[in-house]
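The next block holds one structure in the form of structure tokens; read it before the comments.
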Amino acid sequence: MWAPSWQRVQEAEARLGFPLPADLRESLRCHDGDTSLLGVLSCRRLYSVSEIIEVREMRMEMWEPDDPDQAQTPGWGMKWVPISGGDGDDHFIDAGEGMWRNHLGDAVPDDQGCFLGWPSLGSWLHEVAEAMEHHGQSAWFGAVTAPKVDSRGDIHWWN
């Protein structure tokens with residue numbers, strides 16, 4: 001999919017009320033989401049700029065900042081930015097301040113969000129690229145499981 005203009009990214013940031021993490025801004029220079037059914041990466045389908053806004057606004061409508069359970073085990077954070085997903089299961093980047101800044105996480109419906117151990121989108125994308133490069137090597141033991149490529153050249157991250 002085509003890359004969004006910087007103006008669209010800046011408009012999205014104005015609507016969010018804070019800047020997007022730098023790695024996400026750079027990623028959006030290359031694409032505006034992923035139109036495949038399951039996504040070409042192992043994170044489900046990448047969101048476009050408009051989907052990032054739409055999913056975040058939907059999540060924020062459900063978020064209850066005065067709920068003590070939300071403070072202890074949040075299902076969604078104030079500055080979490082959805083980057084990929086589907087059916088309410090969203091990967092996000094924390095754009096807030098603090099120790100989880102820029103870290104990737106996963107938020108599933110009706111449960112608390114959790115961080116996945118990736119300190120940035122760039123570090124995760126690097127590991128995905130490594131996994132793709134080693135897809136045919138059965139001895140590959142990377143941080144991201146290597147995908148399978150079928151006879152048509154389609155990438156499958158799940159068996």
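Throughout, read-outs are computed from the coordinates displayed, never taken from laboratory work. Remember, it's a predicted structure, so these values are computed and weren't measured experimentally. Heads up, the Cβs are rebuilt from the backbone with ideal geometry, glycines too, and the neighbour counts pull from every protein chain shown.
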**OP:** Tabulate in residue order the Karplus-calculated ³J(HN,Hα) for the stretch 9-20, using 6.51 cos²θ - 1.76 cosθ + 1.60 with θ = phi - 60°, rounded to whole Hz; enter x for Gly and Pro.
**Re:** 5, 5, 5, 4, 5, 5, 5, 5, x, 7, x, 5
Original post:
Mind listing the phi-derived Karplus ³J(HN,Hα) values for the stretch 53-62, rounded to whole Hz, using 6.51, -1.76 and 1.60 with θ = phi - 60°, and x for any glycine or proline?
Top reply: 5, 4, 5, 5, 5, 5, 4, 5, 5, 7
Original post:
residue 26 versus residue 8, label points 7 Å from Cα toward the beta carbon: distance in nm?
Top reply: 2.1 nm
Original post:
Non-local amide H neighbours of residue 83 (under 5 Å, H modeled in plane, Pro and chain starts lacking H): which ones?
Top reply: 91, 92, 93
**OP:** Convert each backbone phi in the stretch 107-115 into a coupling constant with the Karplus relation 6.51 cos²θ - 1.76 cosθ + 1.60 (shift: θ = phi - 60°), then list the ³J(HN,Hα) values in order as whole Hz, x for Gly and Pro.
**Re:** 10, 9, x, 6, 8, 7, x, 9, 8
**OP:** In nm, give the distance between the simple-model label positions of residue 97 and residue 54, each being 7 Å from the Cα along the Cα-to-Cβ direction.
**Re:** 3.4 nm
**OP:** Please list the non-local residues whose amide H lies under 5 Å from the amide H of residue 118, H modeled 1.01 Å from N, same-chain partners needing a gap of 5 or more.
**Re:** 104
